[in-house]
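S.K.: Here's a structure for you.
The values are calculated or read from the model by the stated rules, or taken from the named source; none is laboratory data. From a predicted model like this one, the values you see are computed outputs, not experimental measurements. A quick note on method: Cβ atoms are made from the backbone with ideal geometry, for glycine too, and the neighbour counts reach across all protein chains shown.
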Amino acid sequence: MAGETLYKAFGSAVSTRRKALGLTQAELAGKVKMSRASIANIESGRQNILLHHVYALAAALDFTKVAELLPPMPQKPLGEGLKMMLSNQELSKQTLSQHAEAQVADLITTALQPRRGKA
């Protein structure tokens, strides 16, 4: 997960929980000894956050575990790391263009993804 995406997901979790508890940004800021502007920046994903602040926020938001506040670990895309090989002997000396390789990887990734509605 890219840094920006990670901080936005974390901020969204903070915002959602804060609102569910009926707290204002200022009230949450007071509980964790930060400024209201810092809470606003965290919630919007614009501010990096120190580990001790993560623990303080988790406690102030009544989480029993810090992990409940953290976004899930990113999963490696299904097609990532696949190397394209041509199986036909005549074609084996040929290579795929980057564009063609990306298309094949996308096709494989799509085929390997679980279908919606099926368990």
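S.K.: Leu50 is checked against (1) over 30 Å from Val104 (Cβ atoms); (2) modelled with pLDDT under 95; (3) surrounded by 12 or more Cβ atoms within 10 Å (Cβ to Cβ) and fails just one. What number does that condition carry?
M.R.: (3)
S.K.: Look through segment 23-47, keep the residues that are touching a Lys or Arg at 6+ places or on another chain (Cβ under 7 Å) and at pLDDT 95 or above, and return whichever of them is surrounded by the fewest Cβ atoms within 10 Å (Cβ to Cβ).
M.R.: Among those that are touching a Lys or Arg at 6+ places or on another chain (Cβ under 7 Å) and at pLDDT 95 or above, it is Ala26.
S.K.: Name the pairs whose Cβ atoms lie under 9 Å apart, with the first residue in segment 34-45 and under 10 Å from Ser12 (Cβ atoms), the second among the charged types (D, E, K, R), and 6 or more positions between them or separate chains?
M.R.: Pairs found: Glu43/Arg18; Ser44/Lys8; Gly45/Glu4; Gly45/Lys8.
S.K.: Here's another thing I want to ask about it. (1) at pLDDT below 70; (2) under 15 Å from the mean Cα position of the chain (by Cα); (3) of a type in the set (Ser, Thr, Tyr): which one isn't true of Ser92, the others all being true?
M.R.: (2)
S.K.: Between a residue in segment 1-24 that is of a type in the set (A, V, I, L, M) and any residue that is in a loop (DSSP other than H, G, I, E, B), which pairs come within a Cβ distance under 6 Å, given they are 6 or more apart or on different chains?
M.R.: Close Cβ pairs (under 6 Å, with a partner that is in a loop (DSSP other than H, G, I, E, B)) amount to Met1/Pro74; Ala9/Pro71; Ala13/Leu69.
S.K.: Given the structure, is Ala20 hydrophobic (A, V, I, L, M, F, W, C), surrounded by fewer than 13 Cβ atoms within 10 Å (Cβ to Cβ), at negative phi and at pLDDT 95 or above?
M.R.: It is true that Ala20 is hydrophobic (A, V, I, L, M, F, W, C), surrounded by fewer than 13 Cβ atoms within 10 Å (Cβ to Cβ), at negative phi and at pLDDT 95 or above.
S.K.: Among what's in segment 50-69 and is out of contact with any Leu (no Cβ under 9 Å at 6 or more places or on another chain) and in a loop (DSSP other than H, G, I, E, B), pick the residue that is farthest from Arg17 (Cα to Cα).
M.R.: Among those that are out of contact with any Leu (no Cβ under 9 Å at 6 or more places or on another chain) and in a loop (DSSP other than H, G, I, E, B), it is Leu50.
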